[in-house]
Amino acid sequence: MVEQRTEAATARASADAEAIKEAANRVRENIGRVIVGRDDVIELTLVALLADGHVLIEDVPGIGKTMLAKSISRSVGCSFKRIQFTPDLMPADVTGIHFYNQKTGEFEFRAGPIHSNFVLADEINRATPRTQSALLEAMEERQVTVDGNTMPLPAPFLVLATQNPIELEGTFPLPEAQLDRFLMRISVGYPSAEEEDDILLRFEDESPLDTLQPVIGADELLRLRKVVNHIHVEPSVRKYLIAIIQATRNHDALELGASPRASLALFRAARALAAINGRDYVLPDDVKRLAPFLLSHRLILGSQSRLRGRDATGVVDEVLSEVPAPVEG
């Protein structure tokens, strides 16, 4: 009887993985009508969608960060709001305010742009720490509190934040507590010459974003997120993930290693990546593929490491090369 239940669970997980792969391919193809190349960036963003995590896009201006965010929101058929972060932006500009309506004689709530399925926090590091902190509760608990009243945010809820790593004047670096709430940090990068020529041709007459239609709905996305929990993770793979996290906490170059939130994020993301590829089980390669994007922004280098010009991504690469991956049998 136990064996029959195991076989049934395996068959269900395999069917669920195929359903996720089919839906992911639809979204990937739809986004590909607007975004040229960058299949790896699109895949990572799909992982974030399925793992219910937020994404920090750190790159120079003009490479399509906003276009990527809009393409994702339209492909899923969800509401989208953009917040342009500036030094004079106030927390109430993000969360909303209660105002007195003279016609009704009562206080009413005017929702801020955070009350949306997809929120683009553009140049998030230009806002003051006080305004940045307005996102903390929303990103972690999917709710906001205004004047003592707590309101749930719509589901799904995803923050896509951007920041320019080159221009530092007039910016406020994100605190570690906020960085830890981003599932992953990615970089889009410049296109190749062939890809740039394709961009010019694709946008020659009109923007393909104007005619982009949803390929899945919000309800389907929420259902697929639950299905990701059926993806199997072998104990050996789970221990491999834990070993990577522990290695960051004991690394000489780091002052602060990955948090338990990081291990949970890597666990969820690895299951999502496996499902996107049509597998009902996680491979060590899934963990290894995602680790640089999920861990590097959560680590704090020691002072000597910074003086020597080391970076967190390089340290993660060292850890991955040193921690042995499990092998079959």
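The numbers here are math on the coordinates, done by the rules we state, and not lab data. In this text, all values refer to a predicted model and were calculated from it rather than measured experimentally. Quick reminder, even Gly has a Cβ in these numbers, built from the backbone with ideal geometry, and neighbours come from all protein chains shown.
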Legend entry - Built amide H within the under 5 Å cut-off of LEU254, gap 5+: GLY302
Inset, instruction - Would you order MET139, MET151 from fewest to most other beta-carbon atoms within 10 Å of each residue's own beta-carbon? - result: MET151, MET139
Inset, instruction - Please work out whether segment 231-324 counts as rounded, prolate or oblate from its C-alpha gyration tensor, where a ≥ b ≥ c are the square roots of the eigenvalues and a/c under 1.5 means rounded, while otherwise a/b larger than b/c means prolate and anything else oblate? - result: prolate
Legend entry - Diffusion constant of the chain at 20 °C, which comes from Stokes-Einstein with the Kirkwood Cα-pair radius and 1.002 mPa s, µm²/s: 101
Legend entry - In nm, spacing of pseudo-spin labels at GLU204 and GLN246 (7 Å Cα→C-beta vector): 5.9
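Among THR313, THR131, THR6, which comes first, second and so on when ranked by fewest other beta-carbon atoms within 10 Å?
The fewest-first ordering by Cβ neighbours comes to THR6, THR313, THR131.
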Legend entry - Neighbourhood net charge (9 Å Cβ-Cβ; Lys/Arg +1, Asp/Glu -1) for LEU212: +2
Inset, instruction - Among the lysines, select those whose C-alpha is under 30 Å from the C-alpha of LYS81, and discard any that sit fewer than 8 residues away in the same chain. - result: LYS21, LYS65, LYS70, LYS103, LYS226
Legend entry - Percentage, to the nearest whole number, of Cα pairs in segment 99-165 over 16 Å apart: 54
Legend entry - Two-site label geometry, GLU7 and ARG130: point separation in nm, points 7 Å out along Cα→Cβ: 6.6
Inset, instruction - List every residue whose amide H lies under 5 Å from the amide H of ARG82, counting only residues 5 or more places away in sequence or on a different chain, with H placed 1.01 Å from N in the peptide plane. - result: LEU120
Inset, instruction - Among the GluC sites (Glu not before Pro) in segment 170-263, which ones are in a DSSP loop with at most 10 other Cβ atoms within 10 Å of the Cβ? Mind listing them? - result: GLU204, GLU206
Legend entry - Helical mean residue ellipticity (222 nm; -39500 (n - 2.57) per DSSP H run of 4+; nearest 500) of the chain: -14500 deg cm²/dmol
Legend entry - HN-Hα J in Hz across segment 79-84 - Karplus 6.51, -1.76, 1.60, θ = phi - 60°, x for Gly and Pro: 6, 9, 9, 10, 10, 8
Legend entry - Choice from THR95, THR104, THR86 with maximal GNM fluctuation in the chain (Cα, 10 Å cutoff): THR104
Legend entry - For PHE80, PHE203, order by how many other beta-carbon atoms lie within 10 Å, fewest first: PHE203, PHE80
